[in-house]
Amino acid sequence: MAEVQPTRMELIKLRRRIAMATKGHALLKMKRDGLIMEFRQILEEAKEVIGRMVEKYEKAQQKLALAMAVDGTMAVKSIALACCRIPPEFTIKRKNIMGVPVPVVKKEAIRKKVTDRDYGVLSTSTRIDEAVAAFEELTDAILEVAEIETTLRRLIDEIDRTKRRVNALEFRVIPMMEETARFITFKLEEMDRENIIKLKHLKKKMAKRAEAEAAA
Amino acid sequence: MLIGKNATWAYLVARTKVMKRKLIPKDEYRKLLNMEFNEIVRYLEETEYKKEIDEFGYKYSGPKLMDYALSLNLSRTYQKIIRISFGLAKDLITSYLKKWEIMNLVSIIRGKAANIPPDEIEEAIVPVERDLDYYRALIAKDVDEIVNTYRGTPYFETLSKMGTIPPNQLEDELFKTYYLELTKLKPAELSLKLFVDFVKMEVDLRNLKTILRLKAEGATPDEIISRLIPNGFELTMDECRKLATMSWSELVKALEGYWFWKDIEKVEEELSATEVLFDKAWIEAIAKRATSYPLSILPVMHYMVLKKVEVDNLRILGWGKWYNMSNEEIERQMVIV
């Protein structure tokens, strides 16, 4: 505050900055609200997707348990060795939600036909197929959850950042600038009042001098 | 006193009959179903499986301990049968148990292709017809050396195709070669014919399961036919081809009348449940034939199948109880004959 030059030019500049900050604050508030709305929508979707993933996980665990029970640990281990050959392939692209870049997972077909899988049909059983299919579906669901969870995280980060900016503008930057503007206005008024008094003193002196000259 | 061909079988059948008596009786499963996991393990500690459970006790726990102990017991039982048999019986039993070698070979190839550490590959091995050292040596080799190890065997031709055909096709080809080797045996005498018929019945069952499994997955007839094993008992390749081209309802109807269609009202949506019924029908059919030919390879094969079924049943019980499956679900997966 002490460094501020209490000039009219400074006041005009400050008022412009206050106007811009107020406008920015309103825009950021709108962005924050927009992001929160978007977040809530995606959150609902995420709840469904995560719920589906949990269901698929439970189903996959059941099927694995059944495969382990009927075919044995060794057979399941052997199938796991075959399924490790090629990990699931996917590419990550980007899209924007209110200026926030979020990932879009483009996956190759993870769910395969029995005849396309990396293990033979003759040495395996239906239980193994069911377990593998359940885990393929689970992988699909995990990728879907990964996409939506990253989107949510990015949105939360952006909401947090925007909130901090809104709060900084609302509770610090704008009030400080308004305070400074008030200070400058006060100083300018003070200077105006001093000038008026000075002028009045001068006028009084001049009037006295004129009276003295007239008396002489 | 038995003299001649039947004497060979008499000895072996007598030995397996004694071993068969040690199998868990059908009624015991009802009792086991009502037990907790720990109680089942305690029960097994009082049976033939004690030695294996104690052996693995330091390494594994829970259902894994039970699983590995059961597998070890199974392989030791099969090794014992090989040990006590001789002549033609030994040859036939060894050739039949070659299936385990193929399974282990497939596991090794899978592990090698996925760069899995040797220890982990070894965990998937069930040494039956050959000992663990043989497989350890095989695991230490690279894929080309493994293929060369089988030079001069019927499997070499298929193995040498590695890399040029998809892995699933290679695995299926290996099993086809195994069954072809067994079913092409010329049944010069009754024992051999009974053995070949036994294998052919297994081929029927495998083909039937393959057809149903692939049909349910929506595979094309060509895809199904390429996975079938020739030389079935009743399901010849022509029959299989016909079945593969049929719609689901036609297929289910067409299956009625075959030897394996016994006490089956319909093919369940969950195929695994129906597969259990087919397995039951198979075991009953073998039992019937084994009773008709008491001095042949069949009682031995029947015991070997029953032993495998017992191990599978106990494993289902163990894992089922461990995962809190309902008794009905566990029972549905068990083959109790």
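Taking each residue of B:115-123 in turn, how many C-beta atoms of other protein chains fall within 10 Å of its C-beta, and what is the average?
Counting Cβ atoms of other protein chains within 10 Å of each residue's Cβ and averaging gives 2.
Please work out how much length the chain gains when fully extended from B:S95 to B:Q79, using 0.36 nm per residue of separation minus the C-alpha to C-alpha distance, in nm with one decimal.
Value of the extension gain: 4.5 nm.
Tell me, in nm to one decimal, what length is gained between A:A168 and A:M30 on full extension, where the rule is 0.36 nm per residue of separation less the Cα-Cα distance?
48.2 nm
If you line up the long axis of helix A:126-168 against the longest principal axis of chain A, both from Cα atoms, how many degrees apart are they, to the nearest 10?
Once rounded, the angle reads 0 degrees.
Relative to the Cα centre, what is the charge dipole magnitude of chain A, using +1 at the beta carbon of each Lys and Arg, -1 at the beta carbon of each Asp and Glu, and rounding to the nearest 20 debye?
In debye, rounded to 20, chain A gives about 1680.
Per residue of A:58-70, what is the mean number of Cβ atoms on other protein chains within 10 angstrom of that residue's Cβ?
Going residue by residue through A:58-70 and averaging, the value is 5.
Treating only the Cβ of Lys, Arg, Asp and Glu as charged (+1, +1, -1, -1), what charge dipole size does segment B:79-188 show about its Cα centre? Round to the nearest 20 debye.
Result for segment B:79-188 is approximately 540 debye, rounded to the nearest 20.
Is the C-alpha gyration tensor of segment A:28-132 telling us rounded, prolate or oblate? Criteria: a/c under 1.5 is rounded; beyond that, a/b larger than b/c is prolate, otherwise oblate.
prolate
Hey, quick one: spin label on A:E89, modelled 7 Å out along Cα-Cβ, who in segment A:109-141 has an amide N within reach, i.e. under 16 Å?
Hits in segment A:109-141 for A:E89 at 16 Å: A:109-113, A:116-118.
If each residue's Cβ is checked for other Cβ atoms within 10 Å, how do A:C83, B:C240 rank with the fewest at the top?
A:C83, B:C240
Which of the listed residues, B:S326, B:A287, B:M301, is farthest toward the dipole's positive end in segment B:189-337, when Lys, Arg count +1 and Asp, Glu count -1 at the beta-carbon?
Checking the options against the dipole of segment B:189-337, the answer is B:M301.
Take the alpha carbon gyration tensor of the protein assembly as shown, find the square roots of its eigenvalues, order them as a ≥ b ≥ c, and report rounded if a/c is under 1.5; if not, report prolate when a/b exceeds b/c, else oblate.
Taking the square roots of the gyration eigenvalues as a ≥ b ≥ c, the protein assembly as shown is prolate.
Which shape class, rounded, prolate or oblate, goes with segment B:85-184 when its Cα gyration tensor gives a ≥ b ≥ c as root eigenvalues, a/c under 1.5 marks rounded, and past that a/b bigger than b/c marks prolate?
Judged from the Cα gyration tensor, segment B:85-184 comes out oblate (a/c at least 1.5, b/c at or above a/b).
Could you pull out every residue, at least 5 positions away or on a different chain, whose amide H is within less than 5 Å of the one on A:I97? Hs are placed 1.01 Å off N in the peptide plane, and Pro or chain starts have none.
Amide H neighbours of A:I97: A:V102.
Could you sort B:183-190, A:23-30 so that the peptide with the highest average Cβ count within 10 Å comes first and the rest follow in order?
The peptides rank, most packed first, as A:23-30, B:183-190.
How compact is segment B:243-337 by the rule of thumb for globular proteins, expressed as Cα Rg over 2.2 N^0.38 Å?
1.26
Shielding of A:104-116 by partners, i.e. mean partner chain Cβ atoms within 10 Å per residue?
3
Kyte-Doolittle mean at least -1.0 and Cα extent at least 15 Å along the axis: which DSSP H helices of chain B qualify?
Once both thresholds are applied, what remains is B:5-21, B:62-84, B:87-113, B:167-183, B:190-216, B:271-292, B:298-322.
How do B:W100, B:W248, B:W9 rank when sorted from fewest to most other Cβ atoms within 10 Å of their own Cβ?
B:W248, B:W100, B:W9
FYI, it's all coordinate maths here, none of it is from the lab. Everything quoted here is computed from the prediction, not taken from an experiment. We place every Cβ from the backbone using ideal geometry, glycine too, and count neighbours over all the protein chains shown.
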